[in-house]
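See below for the structure under consideration.
The values are calculated or read from the model by the stated rules, or taken from the named source; none is laboratory data. Only a predicted model underlies this, so the values are computations on that prediction, with no experimental measurement involved. As a convention, Cβ positions derive from the backbone with ideal geometry for all residues, glycine included, and neighbour counts pool all protein chains shown. Accessible surface is based on the protein model in full, side chains and every heavy atom, while ligands, DNA and RNA are left aside. Shrake-Rupley method; radii C 1.70, N 1.55, O 1.52, S 1.80 Å.
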Amino acid sequence: VVFIAFLLVVKGNGSQPYNIALYWGQDGGGTEPPLGTVCSTAQATIINIAFVDDFFDSSDKGLPGINLSDHCSNTFPGYPDLLDCPKVGTDIQSCQKSGIKVLISLGGADGSYGFSSSSQATQFATTIWDLFLGGSSSTRPFGSAVLDGVDLDIEQGSSSYYGTFVSALRGLMNSGNKKYYISGAPQCPYPDQWLGPALKSNGDDFDFLWVQFYNNYCSVLGGSFNFNTWANAASNNTQVIVGLPASPQAAGSGYVPINQLTPVLQTLEKNPKFGGVMLWDAG
């Protein structure tokens with residue numbers, strides 16, 4: 001499997017340990033294994049489950065809509081877009097026992113999401129806390145599994161109130177009984193069109209930024225690779241991670257062959273904010 005070989009070689013080339021983050025859930029290549037299989041074979045340190053793609057689904061009485069491609073289709077009675085995926089929940093717990101952090105990713109390239117007010121963003125933080133993290137609800141998509149954090153892959157709509165959401169979410173996380181993480185997946189042009197305001201106002205709240213260095217002019221091999229711009233702007237609390245396609249088919253452009261990626265990573269390792277590699281996706 002291409003992405004597994006990619007992960008093993010990239011991680012093995014480093015002189016110091018760093019994160020390998022992997023998106024799972026959209027079956028991008030049509031052959032994406034179950035989550036438990038990915039965690040047991042891929043050598044990843046972080047898994048982003050993609051996606052909560054509708055923040056306030058009218059069919060779900062205002063609760064979110066979730067899309068996990070072919071991995072899960074069961075829903076809660078009366079909530080036709082709110083998935084009920086106990087098997088994924090069991091896999092999440094198995095992944096966590098192996099030391100892998102599992103985050104829920106919000107947004108994606110398709111969907112209906114965003115906020116119209118500060119109060120709506122604050123409300124949504126509580127909803128995410130109750131459905132996926134340390135809160136409680138009768139409609140938790142992954143049952144008793146308590147995820148390790150939230151990823152923001154915002155690629156459309158308005159940029160408004162994400163800072164409010166992140167601040168409210170961090171407050172809830174700080175009240176919990178374990179360490180929680182917040183990550184963002186900005187596209188590489190700086191500043192990002194959608195997450196830029198939140199990163200400016202709430203940069204200290206982000207633990208990871210997996211910058212999408214693909215499908216854009218600022219790709220790793222495109223001549224305008226701007227990792228240092230992102231690293232210089234990032235909070236000292238934030239690790240900046242190089243986001244790449246896991247295979248040539250995983251994105252329109254930006255795939256980097258391993259022999260060309262290795263010297264790039266060896267150079268980036270010297271930057272104290274370098275945090276590793278993110279791959280789209282596990283399919």
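What to note about this one:
- No other residue among Ser105, Ser69 is at negative phi and of a type in the set (Gly, Ala, Ser) apart from Ser105.
- Qualifying residue in the range 86-109 (condition: modelled with pLDDT under 95 and open to solvent by 30 Å² or more (accessible area, probe 1.4 Å)): yes
- Scanning the range 50-78 for residues that are assigned to a strand (DSSP E or B), crowded, with 19+ Cβ neighbours inside 10 Å and not polar (S, T, N, Q) yields Ala50, Phe51, Val52, Asp53, Asp54, Gly65, Ile66.
- Residue check, Gly254 more than 16 Å from the chain's Cα centre (by Cα) and either under 18 Å from Cys188 (Cβ atoms) or modelled with pLDDT under 95 (or both): yes
- Look at (1) under 16 Å from the mean Cα position of the chain (by Cα); (2) surrounded by 21 or more Cβ atoms within 10 Å (Cβ to Cβ) and you find that Glu155 fails only one, number (2).
- Once the range 193-209 is narrowed to residues that are in a loop (DSSP other than H, G, I, E, B), of a type outside the set (S, T, N, Q) and open to solvent by 10 Å² or more (accessible area, probe 1.4 Å), the residue that is farthest from Thr164 (Cα to Cα) is Asp207.
- Test: Thr164 is within 26 Å of Asn67 (Cα to Cα), open to solvent by 20 Å² or more (accessible area, probe 1.4 Å) and among the β-branched types (Val, Ile, Thr): yes
- Index of the failed condition, Ser118 passing every other in (1) hydroxyl-bearing (Ser, Thr, Tyr); (2) open to solvent by 20 Å² or more (accessible area, probe 1.4 Å); (3) out of contact with any helix residue (DSSP H, G or I) (no Cβ under 8 Å at 6 or more places or on another chain): (3)
- Qualifying positions in the range 210-259 - in a loop (DSSP other than H, G, I, E, B), in contact (Cβ under 8 Å) with a residue 40 or more places away in the chain and under 18 Å from Gly283 (Cα atoms): Tyr214, Ala246, Ser247, Gly254, Tyr255
- Under the condition of being more than 16 Å from Gly62 (Cα to Cα) and open to solvent by 50 Å² or more (accessible area, probe 1.4 Å), the residues counted in the range 121-152 number 2.
- Boolean, Phe132 is within 30 Å of Lys97 (Cα to Cα), free of Cβ contacts under 8 Å to residues at least 60 places away in the same chain and among the hydrophobic types (A, V, I, L, M, F, W, C): yes
- Here the range 210-232 is the region considered, the condition is being among the aliphatic types (A, V, I, L, M) and open to solvent by 10 Å² or more (accessible area, probe 1.4 Å), and the residue that is nearest to Phe115 (Cα to Cα) is Val220.
- Assessment of the range 105-123 against the conditions (touching a residue at least 24 places away in the same chain (Cβ under 8 Å), among the charged types (D, E, K, R) and over 21 Å from Gly28 (Cα atoms)) yields no matching residue.
- Residues that are among the charged types (D, E, K, R) and under 17 Å from the mean Cα position of the chain (by Cα), drawn from the range 173-211: Lys179, Asp192, Asp205, Asp207
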